[in-house]
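What follows draws every value from the coordinates through simple rules; no lab data is involved. This is a predicted model, so every value here is computed, not measured. We place every Cβ from the backbone using ideal geometry, glycine too, and count neighbours over all the protein chains shown.
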Amino acid sequence: MSESPVSLGIREAQPGITVIDIHGDMTPAAEDALMDAYAQINGANTVVLNFGGLDYMNSGGIGLLVMLLVRAQRQKQRLLAYGLTDHYRQIFELTRLDDAITIHDDESAAVKAASG
């Protein structure tokens with residue numbers, strides 16, 4: 001099995017709000033790492049995806065986000081994001097992923113939106 005092109009960090013921003021820090025490439029090869037990271041989230045009402053360290057994402061990576069979104073919705077969790085470049089924000093808009101994953105400018109705005 002090849003090494004994942006992505007590394008993920010998990011941390012609690014506030015009680016009930018967990019951040020997944022994404023570093024590297026979001027491609028189909030990142031599936032195990034992303035699903036393992038998501039499985040480690042316990043009791044969070046909101047998951048915030050930090051794309052600040054994202055190097056590259058292709059359509060397979062978008063597909064992984066859709067799969068994560070479905071899992072989060074089943075758990076009655078909200079997904080928020082920040083750190084997207086203008087290019088990836090545009091992709092979120094074109095795919096309408098931004099309708100389901102709210103995009104914010106930075107972590108404090110995402111956490112504030114999740115808290116309010």
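Quick one: in segment 23-57, which of the residues that are in contact (Cβ under 8 Å) with a residue 60 or more places away in the chain and within 12 Å of the chain's Cα centre (by Cα) is nearest to ASP98 (Cα to Cα)?
Restricting to residues being in contact (Cβ under 8 Å) with a residue 60 or more places away in the chain and within 12 Å of the chain's Cα centre (by Cα), the top hit is VAL48.
If you go through segment 17-34, how many residues are farther than 13 Å from PHE51 by Cβ and either among the acidic types (Asp, Glu) or in contact with a helix residue (DSSP H, G or I) (Cβ under 9 Å, 6 or more places away or on another chain) (or both)?
6
Matching residues to (1) closer than 19 Å to PRO5 by Cβ; (2) assigned to a helix (DSSP H, G or I); (3) of a type in the set (Lys, Arg):
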| site | (1), (2), (3) |
| --- | --- |
| ASN42 | no, no, no |
| GLY63 | yes, yes, no |
| VAL70 | no, yes, no |
| LEU79 | no, no, no |
| HIS87 | yes, yes, no |
| GLN90 | no, yes, no |
| GLU93 | no, yes, no |
| ILE103 | no, no, no |
| ALA110 | no, yes, no |
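For the subset of segment 68-82 comprising residues that are under 21 Å from GLN14 (Cβ atoms) and of a type in the set (D, E, K, R), which member is surrounded by the most Cβ atoms within 10 Å (Cβ to Cβ)?
ARG78
Within segment 7-18, which residues are part of a strand (DSSP E or B) and in contact with a Gly (Cβ under 8 Å, 6 or more places away or on another chain)?
Of segment 7-18, the ones part of a strand (DSSP E or B) are 7-14, 17-18.
Within segment 7-18, SER7 is the sole residue that qualifies.
Just to check your reading of the model, which residue among THR85, THR102 is in contact with a Leu (Cβ under 8 Å, 6 or more places away or on another chain) and exposed (fewer than 14 other Cβ atoms within 10 Å of the Cβ)?
Selected residue: THR85, the only one of THR85, THR102 that is in contact with a Leu (Cβ under 8 Å, 6 or more places away or on another chain) and exposed (fewer than 14 other Cβ atoms within 10 Å of the Cβ).
Just one of (1) surrounded by 14 or more Cβ atoms within 10 Å (Cβ to Cβ); (2) touching a Leu at 6+ places or on another chain (Cβ under 9 Å); (3) in a helix (DSSP H, G or I) trips up ALA29, so point out which.
For ALA29, the failing item is (2).
For segment 1-22, which residues satisfy the criterion of being hydrophobic (A, V, I, L, M, F, W, C) and over 13 Å from the mean Cα position of the chain (by Cα)?
As a first pass, look at segment 1-22 and keep what is hydrophobic (A, V, I, L, M, F, W, C): 1, 6, 8, 10, 13, 17, 19-20, 22.
The answer is MET1, ALA13.
Considering every residue within segment 24-37, establish whether at least one is more than 13 Å from LEU8 (Cβ to Cβ), β-branched (Val, Ile, Thr) and out of contact with any strand residue (DSSP E or B) (no Cβ under 6 Å at 6 or more places or on another chain).
For segment 24-37, residues more than 13 Å from LEU8 (Cβ to Cβ), β-branched (Val, Ile, Thr) and out of contact with any strand residue (DSSP E or B) (no Cβ under 6 Å at 6 or more places or on another chain): present.
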